[in-house]
Amino acid sequence: MQTEYWLLKKETLFEILESREKGLTKEEVLQKRQKFGYNVLQNKKRDGVVKLFLIQFLSPLIFILLFAAGVTFYLNEIIETAVIAAAVLINVLFSTYQEYKAESTIEKLNSFIKDKAKVLRNNEVREIDASELVPGDILIVSYGSRIPADARIIEANNLQIDEAIITGESIPTSKNEEIATSNELINRHNYAYAGT
């Protein structure tokens with residue numbers, strides 16, 4: 001069951017997350033990392049080449065071409081059938097190659113790109129890899145920052161967050177530390193979402 005952090009007072013939040021305004025100590029971070037692990041999304045298992053190849057046959061265009069090949073074969077038009085079958089095979093092979101190459105490129109990019117996060121730990125501001133965040137860390141967000149994990153806002157000064165990836169709304173949402181009045185997403189002005 002998810003805790004509704006947006007409905008909690010700051011003091012209660014610190015108590016539940018075993019944190020404080022000065023941030024966590026090194027020992028507390030190590031304990032929490034051992035308990036909760038790293039702040040990373042599990043990577044989707046990469047599809048094999050055979051699966052990518054077979055997926056290409058689910059395209060509506062391929063269905064139409066295979067149907068046309070079946071009709072021409074039924075009409076005993078062997079040359080037309082062979083041309084259509086060759087077009088299907090070339091299309092499927094080329095699409096498989098492109099998709100496999102794209103997945104490889106994305107995988108390589110993800111290994112190079114590391115999100116950073118500014119945190120307050122033991123009353124000192126530090127920049128760490130976002131994967132090293134633990135529950136109870138105090139994030140420091142500034143203009144242009146990307147939110148590295150879902151977070152309850154405990155202090156804000158004219159904060160606006162672009163939540164288009166969640167809401168589709170192109171106008172940034174004003175955020176503040178005031179406790180939400182309900183569970184509705186639109187009323188969570190004291191909450192920031194990962195990736196926004």
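The values are calculated or read from the model by the stated rules, or taken from the named source; none is laboratory data. Fair warning: this is a prediction, and the values are worked out from it, not measured in the lab. So basically every Cβ, Gly included, is an ideal-geometry build from the backbone, and we count neighbours across all protein chains shown. Side chains are part of the model used for accessible areas, which takes the heavy atoms of the whole protein and leaves out ligands, DNA and RNA. Shrake-Rupley method; radii C 1.70, N 1.55, O 1.52, S 1.80 Å.
Here are some notes:
- Matching helices (runs of 4 or more DSSP H) fully within segment 1-80 where at least 2 residues are out of contact with any Asp or Glu (no Cβ under 8 Å at 6 or more places or on another chain), more than 30 Å from Tyr193 (Cβ to Cβ) and not basic (Lys, Arg): 49-55, 60-74
- Extreme residue, surrounded by the most Cβ atoms within 10 Å (Cβ to Cβ), among residues of segment 59-89 that are hydroxyl-bearing (Ser, Thr, Tyr) and farther than 28 Å from Glu99 by Cα: Thr72
- Within segment 34-58, being more than 21 Å from Lys108 (Cα to Cα), touching a residue at least 40 places away in the same chain (Cβ under 8 Å) and open to solvent by 100 Å² or more (accessible area, probe 1.4 Å) holds for one residue alone: Phe36.
- Unmet criterion (only one of (1) touching a helix residue (DSSP H, G or I) at 6+ places or on another chain (Cβ under 7 Å); (2) surrounded by 14 or more Cβ atoms within 10 Å (Cβ to Cβ)) for Ile161: (1)
- Of residues in segment 169-189 being more than 18 Å from Asn158 (Cβ to Cβ) and hydroxyl-bearing (Ser, Thr, Tyr), the one least open to solvent (accessible area, probe 1.4 Å): Ser182
- Some residue of segment 6-21 being surrounded by fewer than 13 Cβ atoms within 10 Å (Cβ to Cβ), within 28 Å of Asn190 (Cα to Cα) and among the small types (Gly, Ala, Ser): no
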